[in-house]
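Heads up, the thing below is written out as structure tokens.
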Amino acid sequence: MSRMIVRPARPDDLPLLPDIEVSAAGLFRDEGVAIIAGEAEDAPLDFTPAEVWAPIAAAGLLWVMAEGDGPPGAFLAARIEEHRLHILEFDVHRRHQGQGLGRRLLAFAIDEARRRGLAGLSLTTFRDVPWNAPFYASAGFEIVERDAATPLLTAYLDREAARGLDPVRRCAMVLNL
């Protein structure tokens, strides 16, 4: 069992998060999953600039898994929207995958939503990738089809489609608490 613990992200963690995001995204390419339609296999992987996470960390909605004060190996960023903890980004660095860190970090986020008295959690993800929708379903999330999604979740899906993600493969998921 990994000695990593969940802790709030600190400012010095933020520059390390793009590496985690790119590392996790590389798994898609290795498995032959195109994230962006028509993207060349050797195109640089897109990532969220570190400064984007600063206000989310300041709001107390960015958590990392690390060995104490060490560098993070995973992170989860969220917003509180529609009285839910909406997961914006959730990544585990490849060298830490397969150790249960993702499951532990997701369980932490679920507990945090309960602690805050929220109605549940939400996210958008790939419906057909084993470590996406099926992983979340195993934690109790359910797919919400587009025609039943809230305007907020529909807006997230629309933004993803505008960025080139295949809308047929994307879905919203909700865990009601």
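Just to be sure before I move on: is Asp69 charged (D, E, K, R) and closer than 21 Å to Leu17 by Cβ in the structure I sent?
yes
Is it the case that Thr150 is surrounded by fewer than 20 Cβ atoms within 10 Å (Cβ to Cβ) and not small (Gly, Ala, Ser)? Considered against the rule, which asks whether it is surrounded by fewer than 20 Cβ atoms within 10 Å (Cβ to Cβ) and not small (Gly, Ala, Ser), Thr150 comes out as yes. Restricting the first member to the range 75-93 and to residues that are within 14 Å of Ala59 (Cα to Cα), and the second to residues that are of a type in the set (Ser, Thr, Tyr) and part of a strand (DSSP E or B), the beta-carbon pairs closer than 7 Å and six or more apart or on different chains are His86/Ser122.
Name the one entry in Arg170, Arg103, Arg146, Arg163 that is within 21 Å of Trp63 (Cα to Cα), among the basic types (Lys, Arg) and in contact (Cβ under 8 Å) with a residue 12 or more places away in the chain. Spell out the reasoning first.
Values: Arg170 fails: within 21 Å of Trp63 (Cα to Cα); Arg146 fails: within 21 Å of Trp63 (Cα to Cα); Arg163 fails: within 21 Å of Trp63 (Cα to Cα).
Being within 21 Å of Trp63 (Cα to Cα), among the basic types (Lys, Arg) and in contact (Cβ under 8 Å) with a residue 12 or more places away in the chain holds for just one of Arg170, Arg103, Arg146, Arg163, which is Arg103.
The sole residue among Glu67, Glu82, Glu112 that is more than 26 Å from Leu157 (Cβ to Cβ) and touching a strand residue (DSSP E or B) at 6+ places or on another chain (Cβ under 9 Å) is Glu67. Restricting attention to the range 92-139 and to residues that are touching a helix residue (DSSP H, G or I) at 6+ places or on another chain (Cβ under 8 Å), buried (at least 16 other Cβ atoms within 10 Å of the Cβ) and charged (D, E, K, R), the residue that is farthest from Asn176 (Cα to Cα) turns out to be Arg94.
Every number here is computed from the coordinates shown, using simple stated rules; none is lab data. All values derive from a computational prediction rather than experimental measurement. Glycine gets a Cβ as well: all are built from the backbone with ideal geometry, and neighbour counts include every protein chain shown.
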